[in-house]
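The values are calculated or read from the model by the stated rules, or taken from the named source; none is laboratory data. What you are looking at is a predicted structure, and each value in this text was computed from that prediction instead of being measured. Counting neighbours? That spans all protein chains shown, and the Cβs are built from the backbone with ideal geometry, glycine included. Accessible surface areas use protein heavy atoms only, side chains included; no ligands, DNA or RNA. Shrake-Rupley method; radii C 1.70, N 1.55, O 1.52, S 1.80 Å.
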Amino acid sequence: MSKTIILGASGYIGLRLSKKLKKENHELHLFNRNRNKISWLESTTVTAYDIEFTEKNREALENIFKDADTLYYLIHSMSEGNTEFEHKDITLAKLIANICKESGVKKIVYLGGLGSNKDNISKHLQSRQDTGKMLAENFHNVKEYRAGIIIGAGSSSFEIIRTLATKLPFIPVFWKYEGLCQPIFVDDVISMLKNEKYNIHTDNHILEIGCEEQISYAGLVKKYAQEVLNRPLKIIKLSFLEKIITPKVIGKIISIMTGQPKELVIPLIYGVKNDAIVTHKKKRKKMIKLDIALKLAAKRERSGQLLSVWDFPTNLSHYKKTEERIFNTQEKEGLLYEEVHTVIKSPSKIFEEIQTIGGAKGYWSTPLLWKIRGHIDRLFGGLGINKHYKKTNQGLHAGDRIDFWTIEYIHDTNQEKVLRLRSEMKTPGEAWLQFSIIHKDFYLRAFFEPSGILGYIYWYSLYPIHKFIFKMMVKNIIKKDSY
């Protein structure tokens, strides 16, 4: 049985690869900053960890890594919103490479990014390539894949393309020079990562991967509009605005349009001026053509076939200390609190109904108010109600996103059923919405941890509205209640 380690197992590529290798009965050791996001994958052959990668934990990591056949390095710090992400990436790469060396790992497979080595290469692309270089300098066998835009339902790049092609009346280009990209379909990426694991002929190589077609970023949006939406969008050059409409400004606008955090979008936009194309062509299997990839991704997105989605920065472990007091209504310790309770007949049916929350289903109450709240959140730079990323079709798990919520905790047994959502809305404090079924008692609870006086004003000003909405939600949910 092949022993495999995956760092970044809950990410867009990491989760797909983890599922694929699990089906093939590999001994998998999955790492993620929050174990709740991947614990549902555990089995007799799969173990999940949230051990922090530091010198302090070096011995524990060496024991887990010991004699592994392959370590997949699928992590980077871009989404953390930290200006020192380049230093963090390099430091982490060196640490992991040295731990692999000491623990007898046979091979590191790293997924980096395509990008030319011009003087003006974006910090994000430079960091991805420097990470690969640092791994190779400190470990004897590193296979580095470099990919550009990954086309697939749920990817951040694809969501930007889809949103712009759907909403824009034309495609503005605000710079004199726009780089070329060479996208690749997500299935091709997963296939290569999985199969090249066994290919010793490409060890210690940098492998650039992409479909055959090279295209500008604006051209990619135009192609999606033509191929998928049948919209004839025009590209209009507005380079005279280049000094005013900076990548940072564009990133913030696209963040509001797509519902993706600016920490993810802005680094991607800075890379638009760079070429991200395959320069070292080697004879490889043919990739899925770009037009087919766009259509397949769109089809999967519409049908909800999201095996994994882009992973925006969220720290589910930050409130581990509050998990018990949130679950227990008798211990609120500084949290503002509202509850609606009723007795039900069929806990399983009600919990099934609860798990349909969000997206097109809505919230069993006043859809107009929820829609208005979503628009307000977008205006303040939040995610808004994003129906395109409701949840995966593999059931609900901690870390999944539903509109402007993140699933913080889900538990389903005969005695207790709990779904707790943490709000990602822009509010003066932290907010949770929790559905609990204990035996046949059904509770809908809202919790709020205010941040200063504004938090208290926010909570109490909306208290009558919340009370009305929560009662309506419970009333409509239990319509499904029957033996």
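Worth pointing out:
- Ligands, DNA and RNA aside, residue 417 has an accessible area near 10 Å² when probed at 1.4 Å.
- The chain, relative contact order [Cα under 8 Å, separation at least 6], %: 13
- Sequence ranges 464-474, 1-11, ranked by mean other-Cβ count within 10 angstrom, highest first: 1-11, 464-474
- The peptide list 39-48, 285-294, 209-218, put in order of mean Cβ contacts within 10 Å with the highest first, becomes 209-218, 285-294, 39-48.
- Net charge dipole size for segment 93-199 [Lys, Arg +1 and Asp, Glu -1 on Cβ; Debye, nearest 20]: 140
- The chain, dipole about Cα centre (Lys/Arg Cβ +1, Asp/Glu Cβ -1), debye to the nearest 20: 1700
- Per residue, the average separation of C-alpha pairs within less than 8 Å and at least 6 apart gives segment 5-70 a relative contact order of 29 percent.
- Among the protein heavy atoms of segment 391-483, carbon and sulfur supply 56% of the accessible surface, probe 1.4 Å, non-protein parts ignored.
- Label point distance in nm, residue 203-residue 241, each placed 7 Å from Cα along Cα→Cβ: 5.3
- Average projected area [Cα convex hull, the chain], square nanometres: 24.3
- Whole-number accessible area per residue in Å² for the chain, which is evaluated in the context of all protein chains at 1.4 Å: 46
- Order by protection proxy (mean Cβ within 10 Å, highest first), peptides 351-360, 429-438: 429-438, 351-360
- Residues of type lysines that residue 106 reaches as a straight line, Cα spacing below 19 Å, ignoring anything fewer than 8 places off in the same chain: 3, 66, 94, 133, 143, 194, 197
- Helical content alone sets the calculated 222 nm signal of the chain at -11500 deg cm²/dmol, taking -39,500 (n - 2.57) per DSSP H segment of four or more residues and averaging over every residue.
- Charged neighbours of residue 52, selected by a Cβ distance under 12 Å, balance to +2 (K, R count +1; D, E count -1).
- Average Cα contact separation per residue, segment 337-483, under 8 Å, 6 or more apart, as relative contact order %: 29
- Here r is the Cβ-Cβ distance between residue 167 and residue 45 and R0 is 45 Å; the resulting FRET efficiency, rounded to 0.05, is 0.50.
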